[in-house]
Amino acid sequence: MVTSDQRRRQLARDKYARQQQRRAEAQRKAKRRNTVIAASLAVVLAAGGAVYASVQFLGDDSKNTEAEAPSGEPKMGIEAKGSYAMALKTNEGDITITMDAAKTPRTVNSFKHLADKKYFDGTKCHRLTTAGIFVLQCGDPEGTGMGGPGYTIPDENLDALGKAGADGKVTYKAGTVAMANTGQPGTGGSQFFLVYKDSKLPPQYTPFGTIDAAGLAAVQKVGAAGAEGGQGDGAPKKPVTIEKATVSAK
């Protein structure tokens, strides 16, 4: 006959085994994901010795990494035809981003919702690219490129940058702010990137804002310092922390 203590111990062992199995599966998935990312970041030499990077702005935004983050896309809480400003107070200077809610209402609404919850406060900009594509990527509370709010939002405004060329790319001009995603449509979350120099990319990253002159200068200084290890893609050598983020109507 099984006693109640034996039963409790067995249940505890079963629970521990399930936890270990889930943890092992998560590690296997992370390893596969990292392999994909490493492949997408392969750096090649073009004619004349210039260095170009094949980059996707990846992030696992289906994972909820913040206790206060919502479990689904927030309800519309902004004026869809209004103009909003996202102010980022960082250790490298203040950055103000003007956002057009008429063209990207769900993106702007999501950023206001998350900023109001202080989701971005104290987070690091985890990635800098300096070869062929010139961006600073932020918005991941984990600081690894794998975090997100636990929901995704649809792509918006993808035709704003004109028709793609023969290479399938358009120019994201310096000062543009756009959404990162997993490389698949409708997979944006909280991660975004700041373009500090004209960059050619496929038109699959929602352009939703423009950086002010002072903010662009601050990001360009970070870009000039380069990435850690002298690589064309990695953590910025000059660390950037978003100390506070607010979104308000203009």
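Every read-out reported here was derived from the displayed coordinates using simple, explicitly stated rules and does not represent laboratory data. What you see is a predicted model; the values in this text were computed from it and never measured. Note that we place each Cβ from the backbone using ideal geometry, even for glycine, and neighbour counts take in every protein chain shown.
Figures for the structure shown
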read-out	value
Additional length obtainable on full extension of the chain from Asp121 to Lys89, 0.36 nm per residue less Cα span	10.6 nm
Residues Met146, Met76, Met179, Met86 arranged by fewest to most Cβ contacts within 10 Å	Met76, Met146, Met86, Met179
Ordering of 160-169, 227-236 by burial proxy (mean other Cβ atoms within 10 Å per residue, highest first)	227-236, 160-169
Per-residue Cβ neighbour rank within 10 angstrom, fewest leading, Val195, Val170	Val170, Val195
Residue order, fewest to most beta carbons within 10 Å, for Asp159, Asp100	Asp159, Asp100
Total charge dipole magnitude, segment 57-249, about the Cα centre, Cβ charges on Lys, Arg, Asp, Glu only, Debye to nearest 20	320 debye
Pairwise centroid distance, computed over Cα atoms, of segment 95-158 with segment 202-226, Å	12 Å
Extension gain from Lys163 to Ala224, taking 0.36 nm per residue of separation minus the Cα-Cα distance	19.0 nm
Nonlocal amide H pairs with Thr182, under 5 Å, H built at 1.01 Å	Gly59, Thr187
Listed residue (Ala225, Leu194, Pro154) projecting farthest to the positive dipole end of segment 140-228, Cβ model	Ala225
